[in-house]
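Written below as structure tokens is the structure these notes are about.
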Amino acid sequence: MSNLSSAMWLIPITFLTIGYGDMVPQTVCGKMICLFTGVMGVGCTALIVAVAAQKLEFTKAEKHVHNFMMDIRYTKQIKCAAANVLGEAWLLHRHTKQGDMSKIRLHQRELLGAIHIFRRRRIKHKNLKDQVNSMVDISKMQMIMTELDCNLNSSHQDLEKRIDQLDRKLDEISRLIMTAIESPHLSH
């Protein structure tokens with residue numbers, strides 16, 4: 001680098017990982033500074049992306065509200081699609097009695113399209129229900145695991161108490177045996 005302005009240009013270009021390649025450091029120290037600057041730029045960018053993603057993510061309550069609203073929306077769409085299927089079926093039936101082949105073909109196509117839309121919306125609604133159920137399953141699993149952990153801790157504490165009691169009894173038995181061995185026999 002020949003001057004300060006070139007260095008001032010190189011640092012942000014390296015930090016932002018743009019790297020035009022129009023300037024290259026000549027010294028080992030300059031290369032190390034550029035390497036450090038590039039690594040810091042990648043780290044800072046990753047940190048900013050992680051924080052932004054976390055801020056944009058729904059909270060648990062927001063997810064429940066969103067899923068509830070989507071459930072209402074899909075239910076309305078399914079009802080509307082079912083009404084369209086019934087309407088087209090009725091029109092097809094009416095034109096079949098009249099014998100108008102062009103209208104029969106038209107309403108057959110429209111009936112098939114309405115059935116297709118109805119099925120798609122029903123599948124979307126089913127997928128939403130599965131997603132909500134998996135969210136509930138995860139929270140139930142967490143509650144079960146917490147309860148199991150509490151039970152295991154309680155059992156562990158009970159076992160420790162029993163081991164301590166057994167240890168005290170063994171100490172008492174050892175003391176009694178030592179006393180019996182050390183004391184002179186009363187029968188002599």
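The values are calculated or read from the model by the stated rules, or taken from the named source; none is laboratory data. Here the structure is a predicted model, which means the values were calculated and not measured. Neighbour counts run over all protein chains shown; Cβ positions are idealised from the backbone, glycine included.
Side notes on the structure shown:
- Residue, farthest from Met69 (Cα to Cα), within the stretch 113-133, restricted to residues that are among the β-branched types (Val, Ile, Thr) and surrounded by 12 or more Cβ atoms within 10 Å (Cβ to Cβ): Ile115
- All conditions in (1) modelled with pLDDT of 85 or more; (2) aliphatic (A, V, I, L, M); (3) surrounded by 12 or more Cβ atoms within 10 Å (Cβ to Cβ) hold for Met1, with the sole exception of (1).
- Selection within the stretch 63-98 - basic (Lys, Arg) and within 22 Å of Ser139 (Cβ to Cβ): Lys63
- Restricting the stretch 53-85 to residues that are in a helix (DSSP H, G or I) and of a type in the set (Val, Ile, Thr), the residue that is nearest to Ala114 (Cα to Cα) is Val85.
- For first residues located in the stretch 117-131 and farther than 19 Å from Asn84 by Cβ, partners that are acidic (Asp, Glu) and assigned to a helix (DSSP H, G or I) and lie 6+ apart or on another chain with Cβ distances below 8 Å form the pairs Leu128/Asp71; Lys129/Asp71.
- Tabulated pairs, the stretch 86-98, first among the hydroxyl-bearing types (Ser, Thr, Tyr), second assigned to a helix (DSSP H, G or I), C-beta under 8 angstrom, 6+ apart or interchain: Thr96/Ile104
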